Structures are given as structure tokens and as C-alpha cells.
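Note sheet for the following structure.
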Amino acid sequence: KGEADVIVSFEMLEAARWTEYLKKGGVIITNTQQVNPMPVITGACEYPKDLQNKIRESGINLDAFDALSLAEKAGNAKAVNIVLLGRLSKLFDFTQEEWISAIEQSVPEKFLELNKKAFLLGREYEV
């Protein structure tokens, strides 16, 4: 706890669940999508309101954006992870070309263009 430089999350409640693992000055990169957990689906609980502001008010550096829309723009909603990777890549001292090369080496050919587009949309997105 308190040692993570960066937390990457697919949705807001997931981001909120892991805040105690972030060190001071760290950043949470998250998709703003809301995915209801089972207690919300069954009506036992409500999805917490205004999570972005609550996280920011606690002093956490939050980079929250609609990664799902960018993944859909790239061509497939399942590319949210690569959009988030693109956003994360801005925090590291590797060139865009190095990131693209790594994607080219690890993604099957039939998904390569989709993944490169999703990565670049996440990398270039401005909040």
C-alpha cells in the first residue's frame, strides 16, 4: 500500500477501490465508464456518486477520460485497454515509435491497425 506510481483502471469504481495503493504524487489513469458491480445490479447498493471529484478532493492526481468512446472510434470497444496504454505511455521516457514497435511485435496482424489506432488515440487525447 502507498507504493504504486501509477494505477490504470477500466472504470471509475475500480479506480476508487485501489487508491490506497497509490503513493503520494502518483497518478490514476482511468476510463470514465461506469460498470455496475453485483450489489448495484441487485439493488443492494447504489453506485457511488461523483467519484471523480471525490478522488480528486482526496489529493489524488486523476486522469479520467472516456476511453470507451476512443476505443469505439478506433474500431472496437474491446480496445479500451490499448487506449489506456496509450495514455499511460505518456508517463514513460520511451518514444512513440518504440511503443508502436512493441505493439507491432506483440499484436496479431489482423488486429494490428486497430491497436495502433487505439494506442495513438489514447496517447494524443487531451483532457
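In a Debye calculation with equal point scatterers on the alpha-carbon sites of the chain and no solvent, what is log10 I(q)/I(0) at q = 0.12, 0.14 Å⁻¹? For the chain, the Cα-only Debye profile gives -0.49, -0.65.
Counting heavy atoms of the protein chains only and a 1.4 Å probe, report the per residue accessible area for the chain as a whole number of Å².
On the way: 7770 Å² over 127 residues.
Averaged over the residues of the chain, the accessible area is 61 Å².
Between L22 and G2, A4, the built amide H atoms are under 5 Å apart, and every one of these is 5 or more places off in sequence or on another chain.
Enclosing the Cα atoms of the range 54-127 in their convex hull gives a volume equal to 92 cubic angstrom per residue. Where does the longest stretch of the chain lie that holds no GluC sites (Glu not before Pro) found in a DSSP loop with 10 or fewer other Cβ atoms within 10 Å? Free of exposed loop sites, the longest segment is 47-125.
The amide H of S9, built 1.01 Å from its N in the peptide plane, has I29, T30, N31 as neighbours under 5 Å, considering only residues 5 or more places off or on other chains. For the range 13-95, applying the loop criterion from DSSP together with a ceiling of 16 other beta carbons within 10 Å to the trypsin sites (Lys or Arg not before Pro) yields K49, K90. Rounded to the nearest 20 debye, the dipole size of the range 1-117 about its Cα centre is 200 debye, using +1 on the Cβ of Lys and Arg and -1 on the Cβ of Asp and Glu. Counting 0.36 nm for each residue step from N36 to E113 and taking away their Cα separation leaves a gain of 24.6 nm.
With all protein chains in place and a 1.4 Å probe, the accessible surface of the range 80-127 carries 55 percent carbon and sulfur. Dividing the convex hull volume of the alpha carbon atoms of the range 1-61 by its residue count gives 76 Å³ per residue.
Applying a DSSP loop filter and a limit of 12 other Cβ atoms within 10 Å to the chymotrypsin sites (Phe, Trp or Tyr not before Pro) in the range 36-115 leaves F92, F94.
The values are calculated or read from the model by the stated rules, or taken from the named source; none is laboratory data. Given the structure is predicted, the values throughout are model-derived calculations rather than measurements. Don't worry about glycine lacking a Cβ; one is built from the backbone with ideal geometry, like all the others, and counts go over all protein chains shown. For accessibility, only protein heavy atoms count, side chains too; no ligands or nucleic acids. Shrake-Rupley method; radii C 1.70, N 1.55, O 1.52, S 1.80 Å.
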